[in-house]
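Quick note: the coordinates plus some simple rules give every number you see, no bench work behind them. Just so it is clear, the structure is predicted and the values come from calculations on it, not from any experiment. With ideal geometry, Cβ positions are generated from the backbone for all residues, glycine too; neighbour counts draw on all protein chains shown.
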Amino acid sequence: MKNTIIRKVAVLGAGVMGAQIAAHCINAKVPVVLFDLPAKQGKKSGVALAAIENLKKLNPAPLANKDDAALIQAANYEDDLGLLADCDLIIEAIAEKLDWKLALYAKVAPHVPAHAIFATNTSGLSIAADVDA
């Protein structure tokens, strides 16, 4: 068994779960890129930026130090997929909709480095389900 060193993490999905996964990685002193859809208004990574800001307001606090929220890099699926190349662990945490997940996997796959671990936070979908069903 080979030991894997996680130097950088990408979290796909800046919802409640994805943002808090990003916070816990930051608590472990691992840099994180937090992805979400491009915002329709304002900065393109605005969805992820808003999620990062929200982490500072939560109680109980997911961040050990609220100022560490600045260590999470906001990204979007349209402009920033190249950032995945530097990630050792990629965690998908989008809505429990299989068609959405499959579309996202297809979009990010060309950018995932061969050495990376790709994981899902899925709890409501069977990983053994027939995709064609």
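Compute the orientation-averaged projected area for the stretch 15-89 from the convex hull of its Cα atoms and round it to one decimal in nm².
4.9 nm²
Are there any trypsin sites (Lys or Arg not before Pro) in the stretch 75-115 that are in a DSSP loop and have at most 14 other Cβ atoms within 10 Å? List them by number.
Taking the stretch 75-115 and a limit of 14 other Cβ atoms within 10 Å, the loop trypsin sites (Lys or Arg not before Pro) found are 97.
Lys pairs in the chain, Cα-Cα under 14 Å, at least 8 apart or on separate chains: how many?
Taking the Cα cut-off of 14 Å, the pair count is 4.
If R₀ is 25 angstrom, what is the calculated FRET efficiency for the pair residue 98 and residue 4, using the beta carbon separation as r and rounding to 0.05?
Efficiency computed from Cβ-Cβ geometry: 0.35.
Under a plain spin-label model, where a point goes 7 Å from the Cα along Cα-to-Cβ, how far apart in nm are residue 58 and residue 86?
Taking the two extended label points, one gets 2.4 nm.
Which far-off residues, 5 or more places away or on another chain, put their amide H under 5 Å from the one on residue 32, with H placed in the peptide plane?
Sorted by chain and number, the residues that satisfy this are 9, 73.
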